[in-house]
Amino acid sequence: MEVIGAGLPRTGTLSTKAALERLGFGPCYHMFEVMTHPDHVDRWLAATAGEVHGREGWDKMFAGYRSATDWPASHYWRELAETYPDAKVVLTVRDPRSWYPSINMLMSGPAASVMARDGRSLEDLPEQARAIFAGMVRMRPALEAIGRCYFGPDWSSGHGVPSEELAVEAFERHVAAVKAGIPAERLLVFDVREGWGPLCAFLGVEAPTEPFPRLNDTDSMRQNFERLLQGESFTVPPPR
């Protein structure tokens, strides 16, 4: 593990994944890996239960990956930073008040609604959607345990974030915790709108000539899940 993403979901984490892979720090672990590899769910249920320990445990968790960003990985930034002391940490950020509607949509949109079915049948879903959401329903206990660390002990998936003020407080508390927990020389606080410059300087690599990837904005994410539920293939949105 060479680069640890510590940013919350909906802070440009998929764009950062694409950027890290373009810069040679891939594959990069992201929530999309859980969605497309259902066998990974058991790893995260074990992590939630406190059963992943030390270098051996985290090496197994991220076997084949050189970087990570987004939940569930970014929730464990402290453990990863301790386990991989030579890895650099990238904290993706954005304006927390513009972040609120985006995270709220993620927590209450079509994907969250399907996950909230619990034990109810997924047989009415198209084949690929059924496979993906069966895994995500299994993943729900891990995601809810993570979410409650930020949004309170009564939070549950499928119900959005209780209020904008709660979301902003959670965001700012997280940013403050990462800044306090990681030495400044090891940490990049990064807004993806800044492009290649800060990220490449921090990682000590040359900036590519093509534009910085812009992936998975709120509208494209919602449309992608809607297409999935209609039977179309689930794909990572192309850069824009």
Cα centroid separation, segment 131-209 to segment 4-19 (Å): 8
Once the dipole of the chain is set up from charges on Cβ (+1 Lys and Arg, -1 Asp and Glu), the residue from the list Met35, Val189, Thr48 lying farthest towards its positive end is Val189
Can you grab the distance from the C-alpha centre of segment 76-99 to the C-alpha centre of segment 34-53, Å, no decimals? 19
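With an 8 Å Cα cut-off and a minimum separation of 6 or more residues, compute the relative contact order for segment 3-229 in percent.
Working: 298 pairs, mean separation 67.9, N = 227.
Normalised by residue count, the contact order of segment 3-229 is 30 percent.
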Could you please tell me the mean projected area of the C-alpha convex hull for segment 119-218, averaged over all directions and given in square nanometres to one decimal? 9.9
Among Leu229, Thr92, Met136 the positive-end extreme of the charge dipole of the chain (Cβ point charges): Thr92
What is the mean projected area of the alpha carbon convex hull for the chain, to one decimal in square nanometres? 12.3
Whole-percent tail of the Cα-Cα distance distribution for segment 26-155, cut at 24 Å, equals 33
For Phe171, what accessible surface area do you get with a 1.4 Å probe? Give it in Å², rounded to 10. 10
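Test of understanding: what is the full-extension gain from Asp59 to Glu185, defined as 0.36 nm times their sequence separation minus their Cα-Cα distance? Each step should come with its number before you reach the end.
Numbers: separation 126, 0.36 × 126 = 45.36 nm, distance 2.44 nm.
Full extension from Asp59 to Glu185 adds 42.9 nm.
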Candidates per GluC sites (Glu not before Pro) in segment 127-215, loop by DSSP, up to 14 other Cβ within 10 Å: Glu206
What does the helix-only formula give at 222 nm for the chain: each DSSP H stretch with n ≥ 4 adding -39500 (n - 2.57), the total divided by the residues, and the result rounded to the nearest 500 deg cm²/dmol? -15500 deg cm²/dmol
GNM on the chain, Cα springs under 10 Å; top mean-square fluctuation among Val192, Val205, Val168 goes to Val205
With a 1.4 angstrom probe the carbon and sulfur portion of accessible area for the chain, in percent, totals 51
On a straight-distance basis, which lysines could pair with Lys179 in a cross-link, Cα separation under 23 angstrom, same-chain partners fewer than 8 positions away excluded? Lys17, Lys88
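Counting only heavy atoms of the protein chains, get the accessible area per residue of segment 3-229 (1.4 Å probe) and round it to a whole Å² value. Intermediate values should be presented prior to the final figure.
On the way: 9940 Å² over 227 residues.
Ligands and nucleic acids excluded, the result is 44 Å² per residue.
The values are calculated or read from the model by the stated rules, or taken from the named source; none is laboratory data. It should be emphasised that the depicted structure is a prediction, and the values quoted were computed from it without experimental measurement. Neighbour counts run over all protein chains shown; Cβ positions are idealised from the backbone, glycine included. Calculation scope for accessible area: heavy atoms of the full protein, side chains included, ligands and nucleic acids excluded. Shrake-Rupley method; radii C 1.70, N 1.55, O 1.52, S 1.80 Å.
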